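Everything below concerns the one structure shown next.
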Amino acid sequence: MKRILVFMISVLLIGMIAGCSSGNKADNNKLKDVTIMLDWYPNAVHSALYVAKEKGYFKDEGINLKIEMPADTNDPLKMAAVGKIDLAISYQKQVLLSRSEDIPVVSIGSYVQHPLDALIYNKSKGITRPKDLEGKKVGYASSPTSEPIIKTLVEHDGGDMSKVKMVDVGFDLMPALATGKVDALEGAYINHEYLLLKKEGVNVGKMSLEDNGVPDSSELVFVTGEKTLKSEKDTLTKFMKALAKGQDDVKKNPKSALNVLLDHENKNFKLDKKVETESLNILLPLMGDKTTPFGQQNPKQWKNLADWMYKTKITPKKVNYKDAFMNLNY
């Protein structure tokens with residue numbers, strides 16, 4: 001791809017009539033196409049993307065952003081690795097797992113800097129601590145990280161993992177808990193499944209993973225292929241700069257940002273405004289603070305997670321965490 005920046009320093013008459021100040025606005029006809037694939041259907045976590053696009057922040061950086069949904073949740077990272085798309089929203093754990101399998105992907109920014117995943121459980125089952133999972137059924141969504149996570153939780157609390165029954169429920173996490181097929185869930189989000197289960201009247205509780213032995217991690221990150229990073233680092237930096245502006249707007253006016261998101265909801269995945277409002281309230285504190293601004297990645301977090309994934313045999317070999325991410329300056 002070839003980027004051409006055209007500065008609007010001509011057509012002075014038009015500028016005078018419009019009363020606009022001169023600036024570095026990119027020519028709409030000469031923007032660079034950049035494609036990003038979401039991790040899932042559009043929801044509250046993606047608000048900054050749609051706000052930044054609607055307000056023209058990407059165009060200001062010379063980018064024509066195309067937002068796509070995945071046909072399969074495993075597609076985005078794989079497509080980014082081979083350059084079929086420029087960027088993917090994926091998971092920090094998945095980046096490390098992929099690199100352990102020699103898939104050449106790199107995270108260029110954190111979207112959600114802390115876990116959304118939690119142990120969500122039916123309060124009527126007598127679960128108040130991880131050790132209480134002994135004798136219980138824990139549902140999960142076919143993920144290679146779920147059993148090591150539960151094992152870490154239980155053993156960190158002095159429990160016996162052999163007494164816990166893991167049940168692969170696929171993507172039917174909520175029905176499995178609501179119908180009593182399982183007693184708890186791993187892989188359900190505090191800003192989605194937890195809220196929807198509460199809305200349906202299920203008596204649910206939640207337990208933090210990072211407070212019970214599992215390392216802190218970025219739930220969502222922006223991923224690109226190694227080749228794309230090498231050839232398009234400048235464009236990717238501009239993408240993150242524009243997105244950060246969008247995130248600032250979301251923080252300043254969440255209600256307005258959510259309305260922009262709802263205008264882009266997928267017709268096959270209708271959103272509940274109340275649930276998405278609660279979701280955004282949960283998300284915002286996890287997406288950046290004074291210590292680690294939006295988009296920035298914590299090297300210690302990457303190291304601790306990589307070490308834990310190798311120790312628990314999620315990754316077949318130890319990953320050089322320094323190669324798995326890059327913080328861009330914008």
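With Rg and the Kirkwood Rh both taken from Cα atoms, where does Rg over Rh land for the stretch 213-305? Rg/Rh for the stretch 213-305 comes to 1.01.
In straight-distance terms, cross-link reach from LYS238 covers every one of the aspartates and glutamates whose alpha-carbon lies under 18 Å from its own, apart from those fewer than eight places away in the same chain; here that gives ASP27, ASP33, GLU54, ASP60, GLU61, ASP86, GLU226, ASP248, ASP249. Note on the chain: dipole from Cβ charges, positive end direction compared against PRO104, ALA52, GLY201; the farthest Cα belongs to ALA52.
Here the gap between LYS303 and ASP211, fully extended at 0.36 nm per residue and compared with their Cα-Cα distance, gives a gain of 31.4 nm. In the stretch 44-88, the inverse of the mean reciprocal separation of distinct Cα atoms equals 11.8 Å; this is its Kirkwood hydrodynamic radius. For the stretch 316-329, putting each phi into the Karplus relation 6.51 cos²θ - 1.76 cosθ + 1.60 with θ = phi - 60° gives couplings of x, 9, 6, 9, 6, 4, 5, 7, 7, 8, 8, 8, 8, 9 Hz, in residue order, rounded to whole numbers and with x for Gly and Pro. The slack between SER231 and GLN296, meaning 0.36 nm per residue of separation minus the straight C-alpha distance, is 21.3 nm.
Straight-line cross-link partners of LYS137 among the lysines, defined as a Cα under 28 Å from its Cα and at least 8 positions apart when in the same chain: LYS93, LYS123, LYS125, LYS151, LYS163, LYS165, LYS181, LYS198, LYS199, LYS206, LYS311, LYS313.
Return the Rg/Rh ratio of the stretch 117-208 with Cα-based radii and a Kirkwood Rh. Write down the numbers at each step before the final one.
Details: Rg = 11.7 Å, Rh = 12.7 Å.
So for the stretch 117-208, dividing Rg by the Kirkwood Rh gives 0.92.
Between amide H atoms placed 1.01 Å from N, distances below 5 Å from LEU119 occur with MET207, LEU209, all of them 5 or more places distant or on a separate chain.
Our summary gives the stretch 39-129 a relative contact order of 20 percent, counting only alpha carbon pairs under 8 angstrom and 6 or more residues apart. Each Cα pair under 8 Å and six or more residues apart adds its sequence gap; the mean of these over the residue count of the chain is a relative contact order of 26 percent.
Mark the label point 7 Å from the Cα of GLU54 along Cα→Cβ and return the residues of the stretch 254-275 whose backbone N is within less than 15 Å of it. Flagged as within label range: 254-266, 271, 273. On the beta carbon distance between ASP172 and LYS30, with R0 = 45 Å, the FRET formula returns roughly 0.40. Can you give me the C-alpha center-to-center distance between the stretch 135-181 and the stretch 260-330, rounded to a whole angstrom? Their Cα centres are 22 Å away from one another. With R₀ fixed at 51 Å, the C-beta to C-beta distance from GLU101 to ASN281 puts the FRET efficiency at about 0.90. Find, among the trypsin sites (Lys or Arg not before Pro) in the stretch 252-285, those assigned to loop by DSSP (not H, G, I, E, B) with at most 10 other beta-carbon atoms within 10 angstrom. In loop regions of the stretch 252-285 (DSSP not H, G, I, E or B), the sparsely surrounded trypsin sites (Lys or Arg not before Pro) are LYS267, LYS270.
Bear in mind these aren't lab numbers, they're just calculated from the coordinates by the rules spelled out. Here the structure is a predicted model, which is why all the values come from computation and not from measurement. We place every Cβ from the backbone using ideal geometry, glycine too, and count neighbours over all the protein chains shown.
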